[in-house]
Amino acid sequence: MEVMMSIVVGILFAVATYLILSKSILRILLGTVIISHGAHLLILTMGGLKTGAPPLLGQEAPAYTDPLPQALILTAIVIAFGVTALVFVLAYRSYQELGTDDMEQLRGNDNE
Amino acid sequence: MRINDVILQTTAKVISFIILTFGIYIFFAGHHIPGGGFIGGLITTSALVLLYVAFDMETMNKVIPIDFKKMTALGLLIAVSTGLGALLFDQPFLTHTFGYFDLPILGEAELATAVLFDIGVFLTVTGVAVTIILTIGEDEKWK
Amino acid sequence: MNNLVIIPIIIPLLAGIISIFFLKHIVWQRWIGSVALIGTVLVSFYLLNQVYANGIQTLELGGWAPPFGIVLVADMLSALLTLTTSVIGLACFIYAFKSVGEGRERHFFYPVFLFLITGVIASFLTGDLFNLFVCFEVLLISSYVLISIGGTKPQLRESMKYILVNIVSSAFFVIGVAFLYAVTGTLNMADLSQRIADVGQTGFLTVLSIFLLIVFGIKAALFLYFWLPGSYRVPPPAVQAIFAALLTKVGIYAIIRIFTLIFYHQPDITHQLLAWLAALTMLLGVIGAVASWDVLRILAYNIVAAVGIVIFGLASFSATGLEGALFYLVHDMVIKAVLFLLAGAMISITGTTNLRKMGGLIVHHPILGWMFFIAAIALAGIPPLSGFIGKLLIIQGGIETEHYWITGILLLSSLLILYSVIKIFMNGFWGEQKLSRDEEKGNTKGLLAPCAFLVAISIFWGVGAEWIYPYIEMATQTLTDPSIYIQSVLNIKE
């Protein structure tokens, strides 16, 4: 199962890389969302999948799943959620202000 | 063009209260089974957002005159203060405790200080999520 | 257990939260923030002296013993950087009163500023790698807001790039943490260090360390500095100063921490790489600084060059080099803040960032001019000012460990740094006077006091090195001998 998941993570990273390298801001943002999901899935996979009973519920099972990766993912998801929301609003604002969503046209110049 | 939204408004009135109740249930359930401030807050947000979708923003601002940014701040303040409370008893920051008490109607109940922290989380999550959606929705151009 | 460790994090956090309730009352926000930051300075100073007297202070959050719970650790390095951060934060906060404009002040400027300070201090004090990620995110999200607040066109343009680069590097951080957890089964830094010492730093771990170096390299502008010169030009001067002083330094702190505490077993690979990266960073940084005629761009490239110098002190991997790196790190934080604040005052007077359009400012602004001169020669490391001791120790460390080439590059780059900042002084303050008193676009009222405060601290850092040295020595001891850190975090009694 871990091998399967690793392949899925790889595919997510590939998709994200492709999107991040494109020109449109919206696509880049979707790429960052996918790369952070890939990273979260990677934590889950790296912690080992389904090695025992759910943690913290009762004390009878012989083995428990490691709760730490889940806690890490929850934190990372919340952070990614906040950052994504902020960036989408900002991207929308900059689209309104600058009139373009093409990164090529956002190159810096010193004339301003 | 005025869209006819009678069905949406009528169902929203009923459903949002069911969702709100469910959100509060999930919030209190979180102490021992899956649930808690974060998910409870998000469910509550979905109820509020449903109302904002069904009715327009001016009506909603009249019905719920809450500044959600301040709600976020209040939530943070509560969460941090519960952590600071541990300092008064010379315990490490964020230490929580619980006890069993006999309450008048409920009988013996478990009361935990972690719930106070969770109230902070609940308020923060609700405040932030609603603020995000309102910020995008407030744009004049979309009206 | 010592609850004092959390206080420098809590004070700015609480002040930031409370400021949100007073969004309409700008004066109250200023008072709340100033009082909070003064409080943070005092507490940090107390913490520093407690660490000096009693050794490393730790706090297990929620009473969960490490390595299971999150632990905050104040060793000498963390305490020193915490104090420096709060002092610089205070100066920039006061500078912001007169320079950011009312629009920003009404839209969460002060709360977000305080959250940024919270994130930076928390990054210095945490003893857990994942928690370091969380604190990084606190300060990064605050920086996203600070860089884009105001919403002018150049700001939006540059902040999109800044944010995208940082989101990708944060995703890499999470990936690195995931791999590290898979290999070692822990994320507590002391526990990581112990486990890696037990099983040996295998090839996979070395690769991981370099992966994390990429992450921190982007944040610290170590060789991967391409995002820095553009994005540091756009926010208001108070924000530029705090970014220049703190953000890259958090990355440097993380590099110093992981390469002295966790991945120190293969110095011929990792530290050699660090040394060459440092050399390249210094060279490219000074080339950028020398080539530019834009005040802010020159200073921004100087940040890059200074990152190289500090990392070279670490890379030489000798006690002398490390002492130099720490001396220079604190010096650089203070001096970069001063330079950006003074440049902000220059720009508010002349209304341009182009050096060719400035000139003769010293006629009407002698105090500003001479403060800039002191800061400039302190940056370059003229004795007895503060840059000298750090550089001297780094060079000693470099020669001891036979990095002659890179030491040469360091000396050359110091010379060019001196040239680049004196260029600002010569063209901006001396020369033909371009603006008469009436033509000036703004004044420096309320801007000079915080600068003078930081210049005084910088002078003290150089002249008072005799008093400061024991602190630096103690910090270096902890860094060169990880067992001190491990024992006090994991409560191992000898």
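Quick notes
- Volume per residue that the Cα convex hull of the protein assembly as shown spans, once the total is divided by residue count, Å³: 183 Å³
- The interface between chain B and chain C buries about 1400 Å² of solvent-accessible area in total (1.4 Å probe, ligands and nucleic acids excluded).
- Per residue value of the accessible surface for region B:6-142 (all protein chains in place, 1.4 Å probe), Å²: 58 Å²
- Carbon plus sulfur fraction of accessible area for region B:70-143, probe 1.4 Å, in percent: 70 percent
- Under the span-like rule (Cα at least 30 Å along the axis, Kyte-Doolittle mean at least -0.5), DSSP H helices of chain A: A:25-46, A:67-98
- Per residue of B:82-92, other chain Cβ atoms within 10 Å of the residue Cβ number 4 on average.
- Averaged over the residues of peptide A:91-101, the number of Cβ atoms from other protein chains lying within 10 Å of each residue's Cβ is 4.
- A prolate overall shape is assigned to region C:267-463, the ratio a/c of its alpha-carbon gyration tensor axes (a ≥ b ≥ c) being 1.5 or greater and a/b exceeding b/c.
- Per-residue Karplus couplings for region C:171-181, computed as 6.51 cos²θ - 1.76 cosθ + 1.60 with θ equal to phi - 60°, are listed in order as 4, 4, 4, 4, 4, x, 4, 4, 5, 4, 5 Hz, Gly and Pro entered as x.
- Residue by residue along C:151-158, Cβ atoms of other protein chains within 10 Å of the local Cβ number 5 on average.
- Built amide H within the under 5 Å cut-off of B:Gly30, gap 5+: B:Gly36
- For A:Ala53, distant residues with modelled amide H under 5 Å away: A:Ala63, A:Tyr64, A:Thr65
- Leaving ligands and nucleic acids aside, the A/B contact buries around 700 square angstrom of accessible area in total at a 1.4 Å probe radius.
- Label-point separation, A:Val89 to A:Gln105 (7 Å along Cα→Cβ), nm: 2.5 nm
- Probe 1.4 Å - accessible area at B:Leu103, Å² to nearest ten: 60 Å²
- Volume of the convex hull of chain C (Cα atoms only), normalised per residue: 126 Å³.
- Annotation: C:Tyr301 carries an accessible surface of approximately 40 Å², with a 1.4 Å probe and no ligand, DNA or RNA atoms counted.
- Shape of region B:6-142, Cα gyration tensor, a/c cut at 1.5: oblate
- With both labels modelled 7 Å from their Cα along Cα-to-Cβ, the A:Met4 to A:Ser24 distance reads 3.3 nm.
- Entries of C:Lys357/C:Lys441; B:Lys70/C:Lys153; C:Lys219/C:Lys336; C:Lys391/C:Lys423; C:Lys161/C:Lys219 with Cα pairs more than 24 Å apart: B:Lys70/C:Lys153
- Computed over region A:58-109, the P(r) curve from all C-alpha pair distances, binned at 10 Å from the origin, holds 19, 27, 19, 16, 10, 8, 1 percent per bin.
- To the nearest 10, the accessible area of A:Met4 is 120 Å² with a 1.4 Å probe.
- Relative contact order of chain C, pairs being alpha-carbon contacts under 8 Å that are 6 or more residues apart, as %: 16 percent
- When the protein assembly as shown is described by a simple charge dipole with +1 on each Lys and Arg Cβ and -1 on each Asp and Glu Cβ, the residue from C:Met1, C:Thr152, C:Gly397 located farthest towards its positive end is C:Thr152.
- Computed per residue of chain B from DSSP H runs no shorter than four, each worth -39500 (n - 2.57), the mean residue ellipticity at 222 nm is -22500 deg cm²/dmol.
- Burial ranking of peptide ranges A:5-13, C:291-299, C:332-340, C:273-281 (average Cβ count within 10 Å, highest at the top): C:332-340, C:273-281, C:291-299, A:5-13
- With every protein chain in place, region C:267-463: carbon and sulfur % of accessible area (1.4 Å): 70 percent
- At R0 = 22 Å, FRET efficiency that the Cβ-Cβ distance of C:Trp31 and B:Ile66 yields, to 0.05: 0.25
- Heavy-atom surface analysis with a 1.4 Å probe gives chain A a carbon and sulfur content of 66 percent of its accessible area.
- Chain C, accessible area per residue, ligands and nucleic acids excluded (1.4 Å, Å²): 32 Å²
- The B:His31 and C:Ala53 beta-carbon pair, evaluated with R₀ = 51 Å, returns a calculated FRET efficiency of approximately 0.75.
- Cα gyration tensor category, rounded, prolate or oblate, for region C:205-284 with a/c compared to 1.5: prolate
- Charge dipole of the protein assembly as shown about the Cα centre (unit charges at C-beta), most positive-ward option of A:Thr51, C:Gln57, A:Leu86: A:Leu86
- In loop segments of region B:1-69 as defined by DSSP, the trypsin sites (Lys or Arg not before Pro) with at most 11 further C-beta atoms inside 10 Å of their C-beta are B:Arg2.
- Estimated buried accessible area (total), pair C and A, 1.4 Å, Å² to nearest 100: 3000 Å²
- For the pair B:Leu42 and C:Ala291, a Förster radius of 35 Å applied to the C-beta separation gives a FRET efficiency near 0.10, rounded to the nearest 0.05.
The values are calculated or read from the model by the stated rules, or taken from the named source; none is laboratory data. All figures in this text were calculated on a predicted structure; none of them were measured in a lab. Here Cβ is always computed from backbone atoms with ideal geometry, including for glycine, and neighbour counts include all displayed protein chains. The protein model used for the area step is the full one, side chains on, heavy atoms only, and it has no ligands, DNA or RNA in it. Shrake-Rupley method; radii C 1.70, N 1.55, O 1.52, S 1.80 Å.
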